Amino acid sequence: MSATERVVGWESPSNIALVKYWGKHGNQLPMNPSLSFTLKNSVVRLKARYFPGNSDSSILQEFTLNGSQNQKFLNRIESFLQSQKLRYPFLNTISIDIESQSTFPHSAGIASSAAAFSALALVLETLNDTFGKKSSSQQEFFRKASYSARLGSGSACRSVYGGYTVWGSTPAVTNASDDYAIQIDSNDIHPVFDNIHDAILIADAGEKAVSSSQGHNLMQNHPYRNSRIIQAGKNLETLLYALKTGEEQLFVEIVENEALTLHGLMMTSNPGYVLMKPNTLLMIEKIREFRLQTGVNMCFTLDAGPNIHLIYFDKDKRIVREWIENNMKSLCCNESWIDDGLGEGPIPLTF
């Protein structure tokens, strides 16, 4: 590292939405409020080297993902950084090289852009502090990072916090905003949800036929658009109640309803499309059958893809993991599944 070169970095997690964000307006503003929890093991570690001057008017000089150059993501980050020059004037005076490492495969049904852009936003806010625009408090630092992360990837705004997070205006949560996410107070979360687990079952590892951005755009003229906004608001309010009171069964009902609604909205778009695969449906059937037979309150959710997030409680860890190994692993692509759970949020990297 040269005398003029500096390094800053953050590790930031992905998150899984329980009440789904689907559809947007304006500049990355959500059509409806959403609620998620932050993952523990599915993280991106982003190291940024910065040095004076823009050699060719580009800000980002080099980008690598897990040791390999990735031109597609480099272009996306460069476009984002260029769009943020007014917000972060120091971007006019420096060049950046980024090394990014992901602990999870790109097509695993985990929101990689949420982890990456939340890490990048935290790097930018750290640089903002360094260049003299220091936040007045830790709360302001993370709120500003959440705002910036949203502009890169909507759901990334939820990943700058640990625990449970709400993004989008809703009367159910004080200070909730479309501009940034806020963390739900731990006092409003029943202890049964403190150590919740997420087994990510890879039904299909292929690239999606329809991107999330395309899916969001199709919500603009969706015939069920207004009904979905109302439904999301009610489901969020009910899920907050379940989280506060520890009502596991109510939690299960809302989470699965949200997952199926998301994919129902895709299928009834114009044009409609299906991202679930045969093994997705088979896994759903087996999850519901196991729950009925055992009384174990576990449930599934899905992102905009075919892979299952199996959510279960810590007290049921042994029986559920045994069942996954004996009954679900064979249905996973290359018998691959990811053991994850509730995380505490991003951490700064030291070099």
- Message: Rounded to whole Å, give me the distance from the Cα center of segment 196-212 to that of segment 77-146.
- Response: 25 Å
- Message: Charges at C-beta only: +1 for Lys and Arg, -1 for Asp and Glu. How large is the resulting dipole of the chain about its Cα centre, in Debye rounded to 20?
- Response: 680 debye
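Test of understanding: what is the full-extension gain from GLU285 to SER135, defined as 0.36 nm times their sequence separation minus their Cα-Cα distance?
On the way: separation 150, 0.36 × 150 = 54.00 nm, distance 4.93 nm.
So the extension gain works out to 49.1 nm.
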- Item | Gain on full stretching of the segment that runs from GLU5 to ASP188 - 0.36 nm per residue minus C-alpha separation | 61.4 nm
- For the peptides 30-38, 62-70, 74-82, what is the packing order when you average, over each peptide's residues, the other Cβ atoms within 10 Å and list the highest mean first? 30-38, 74-82, 62-70
- Note on the structure: Dividing the helical contributions, -39500 (n - 2.57) per DSSP H run of n ≥ 4, by the residues of the chain yields a 222 nm value, nearest 500 deg cm²/dmol, of -11000 deg cm²/dmol
- Query: Taking the Cα centre of segment 195-341 as the origin, how large is its charge dipole in debye, to the nearest 20, when only Lys and Arg (+1) and Asp and Glu (-1) carry charge on their Cβ atoms?
  - Reply: 320 debye
- Message: Just want to confirm a number: the relative contact order over the chain, from Cα pairs under 8 angstrom separated by 6+ residues, in percent.
- Response: 25 percent
- Setting aside same-chain residues fewer than 8 positions from LYS208, which aspartates and glutamates have a Cα under 14 Å from its Cα? ASP303
- Give the shape of segment 136-293 as rounded, prolate or oblate, defined through the alpha-carbon gyration tensor: a ≥ b ≥ c are the square roots of its eigenvalues, a/c under 1.5 means rounded, and otherwise the shape is prolate if a/b is larger than b/c and oblate if not. oblate
- Given springs between every Cα pair under 10 Å in a Gaussian network model of the chain, which of GLN138, GLN28, GLN71 has the largest fluctuation? GLN138
- Item | Proximal lysines to LYS317, defined as alpha-carbon separation beneath 28 angstrom and excluding residues fewer than eight positions away on the same chain | LYS20, LYS40, LYS244, LYS277, LYS286, LYS329
- Within the under-15-Å Cβ sphere about ASN270, not counting ASN270, Lys/Arg +1 and Asp/Glu -1 give a net charge of +2
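FYI, it's all coordinate maths here, none of it is from the lab. In this text the structure is predicted, and so the values were computed from the model without any measurement. So basically every Cβ, Gly included, is an ideal-geometry build from the backbone, and we count neighbours across all protein chains shown.
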